[in-house]
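Colleague: Structure incoming, see below.
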Amino acid sequence: MKNERHLLLMRFSALGDVAMTVPVVHTLATTYPDLRITMMSRAFARPFFENMAPNVSFMAADFKKEHQGWGGLRRLYRQLRQQDFTDVADLHDVLRTKYLRMRMVCDGMRVRHIDKHRRLRKKLTSRQRKERIELPSSFQNYADVLTALGYPVSPSFRSIYGNGAGDLHLLPTAIGNKKEGEKWMGIAPFAAHRGKIYPLDKMEKVIEAFQKHHPRVRIFLFGGGDKEKNILDGWCQRFSTCTNASAVLGGLTRELILMSNLDVMLSMDSANAHLASLTGIRVVSVWGATHPCAGFMAWNQQAEDAVQVELPCRPCSIYGNKPCHRHDFACMETLDPERITDRLMQVLEL
């Protein structure tokens, strides 16, 4: 229709960042059912959006092949131009999206972009003049872009599965069904940077404590990559209560189904915390070089479930990718496994 509004949302970054758009996009779609919405991201994000409201569609950008380099970016713009977008929300604000939105402005589209609060982030992570300030959450930053375009939202999202959970019958038989009196816990021990990873020998002690004192807690391990798989397989050989879920499931869609059936997920400040949150379960998160006040706490999670050691140097970076100021990673090394175990037991009511 001639007066139909068609909104393009752009976010091309890592899995966790894209996952954080889901509560906002979900609310947008239900608040404005007559608004056509296209979410453009990398192909891995498709499972997040393919079962949303009928006014939401997904478009994949392939920066490794079809849309690689400036030539590929121009090709991507020509493809976008054919979609008759009226509004554009840049939820990323990087070189690629800046180029695309510049072209779109020239073509008469309404365009707004995210404010990442870079000045405040610099104060928060400063080594000499640190200011411990609470930054707006990523969810709020995304919502602010939509408000600027004339689509205010108040996210009320619960889960990608509505008020229920994913169907366990769709998973391999190795997962099975939850037995009476059994608790299911997920553990995602890895992250992209060392400053966000709890020492693996200490994480073993967390698992060991549950196997020894709470053998009715079944533990599902999450992590990809050959090195990670070898570590998780080793834990499964040592601890009979453990299952390497990522190896058994072999894909994001199935992992989300299993997560939705967990009683709790233990995760670093990483994508798995956000994935689990999208399924409506409780997440106990471990924080080291980064800090929840930077705005990356997972959706609808509780502050008391963020386990951390308060040090004056924290956070030393927003994403955990900077060298440790102390050179000893005290933020993780001094965190006692019992603190994590105790928090998990409180959540599981053990």
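The values are calculated or read from the model by the stated rules, or taken from the named source; none is laboratory data. Just so we're clear, the structure is a prediction, and the values are computed from it rather than from any experiment. Backbone-built Cβ (ideal geometry, glycine too); neighbour counts: all protein chains shown. Surface accessibility is based on the protein's heavy atoms, side chains included, excluding ligands, DNA and RNA. Shrake-Rupley method; radii C 1.70, N 1.55, O 1.52, S 1.80 Å.
Colleague: For region 300-333, how many residues meet the condition of being farther than 26 Å from residue 154 by Cα, in contact (Cβ under 8 Å) with a residue 60 or more places away in the chain and either open to solvent by 60 Å² or more (accessible area, probe 1.4 Å) or part of a loop (DSSP other than H, G, I, E, B) (or both)? Step through it out loud before you land on a result.
Modeller: Pass one, region 300-333, residues farther than 26 Å from residue 154 by Cα: 307-317, 319-333.
Imposing the further condition that a residue be in contact (Cβ under 8 Å) with a residue 60 or more places away in the chain reduces the set to 312-313, 315-317, 319-322, 324-325, 329, 331-333.
Keeping just the survivors that are either open to solvent by 60 Å² or more (accessible area, probe 1.4 Å) or part of a loop (DSSP other than H, G, I, E, B) (or both) gives 312-313, 315-317, 319-322, 324-325, 329, 333.
Going through region 300-333 one residue at a time, the tally reaches 13.
Colleague: Considering each residue of region 329-350, count those that are at pLDDT below 95 and of a type in the set (Asp, Glu), and give that number. It would help to see each step written out before you state the result.
Modeller: Step one: of region 329-350, the residues at pLDDT below 95 are 349-350.
From what is left, the residues that are of a type in the set (Asp, Glu) are 349.
Of the residues in region 329-350, 1 are at pLDDT below 95 and of a type in the set (Asp, Glu).
Colleague: Is one or more of the residues making up region 133-146 assigned to a loop (DSSP other than H, G, I, E, B), at pLDDT below 95, touching a helix residue (DSSP H, G or I) at 6+ places or on another chain (Cβ under 8 Å) and under 14 Å from residue 10 (Cα atoms)?
Modeller: no
Colleague: May I pose another question? Scanning for something assigned to a helix (DSSP H, G or I), touching a residue at least 12 places away in the same chain (Cβ under 8 Å) and among the acidic types (Asp, Glu), does region 256-274 turn up at least one residue?
Modeller: Restricting attention to region 256-274, the residues satisfying the condition of being assigned to a helix (DSSP H, G or I) are 256-260, 271-274.
Next, only the ones that are touching a residue at least 12 places away in the same chain (Cβ under 8 Å) stay: 256-260, 271-274.
Filter again for among the acidic types (Asp, Glu), leaving none.
So far as region 256-274 goes, no, none of its residues is assigned to a helix (DSSP H, G or I), touching a residue at least 12 places away in the same chain (Cβ under 8 Å) and among the acidic types (Asp, Glu).
Colleague: Now for a separate question. Is it the case that some residue within region 293-308 is touching a Lys or Arg at 6+ places or on another chain (Cβ under 6 Å) and over 18 Å from residue 192 (Cα atoms)? Before the answer, list the steps.
Modeller: We begin by selecting, within region 293-308, every residue touching a Lys or Arg at 6+ places or on another chain (Cβ under 6 Å); these are 307.
Narrowing further to those that are over 18 Å from residue 192 (Cα atoms): 307.
Looking through region 293-308, at least one residue is touching a Lys or Arg at 6+ places or on another chain (Cβ under 6 Å) and over 18 Å from residue 192 (Cα atoms).
Colleague: Here is a follow-up. Please identify the pairs in which a residue from region 38-50 that is without any contact (Cβ under 8 Å) to a residue 12 or more places away in the chain has its Cβ atom under 8 Å from the Cβ atom of a residue that is surrounded by 15 or more Cβ atoms within 10 Å (Cβ to Cβ), counting only partners at least 6 apart or on another chain.
Modeller: Close Cβ pairs satisfying both conditions: 50/58.
Colleague: Tell me which residues, restricted to region 140-159, are open to solvent by 50 Å² or more (accessible area, probe 1.4 Å) and of a type in the set (A, V, I, L, M).
Modeller: Of everything in region 140-159, just one residue is open to solvent by 50 Å² or more (accessible area, probe 1.4 Å) and of a type in the set (A, V, I, L, M), namely 148.
Colleague: Follow-up question, since we're still on this one. Residues of region 275-297 being under 20 Å from residue 264 (Cα atoms) and open to solvent by 10 Å² or more (accessible area, probe 1.4 Å), which ones?
Modeller: Scanning region 275-297 gives 280, 281, 282, 292, 296, 297.
Colleague: Let me ask something else. Find the strands (runs of 3 or more DSSP E) located wholly in region 2-62 whose residues include 1 or more that are open to solvent by less than 10 Å² (accessible area, probe 1.4 Å) and either under 21 Å from residue 87 (Cα atoms) or in contact with a strand residue (DSSP E or B) (Cβ under 6 Å, 6 or more places away or on another chain) (or both), and list them. Steps first, please.
Modeller: Working: elements: 6-10, 36-41, 56-60.
Correct list: 6-10, 36-41.
Colleague: Here's a follow-up. Only residues that are more than 18 Å from residue 16 (Cα to Cα) and among the small types (Gly, Ala, Ser): list them for region 127-173, please.
Modeller: 148, 150, 154, 156, 162, 164, 165, 166
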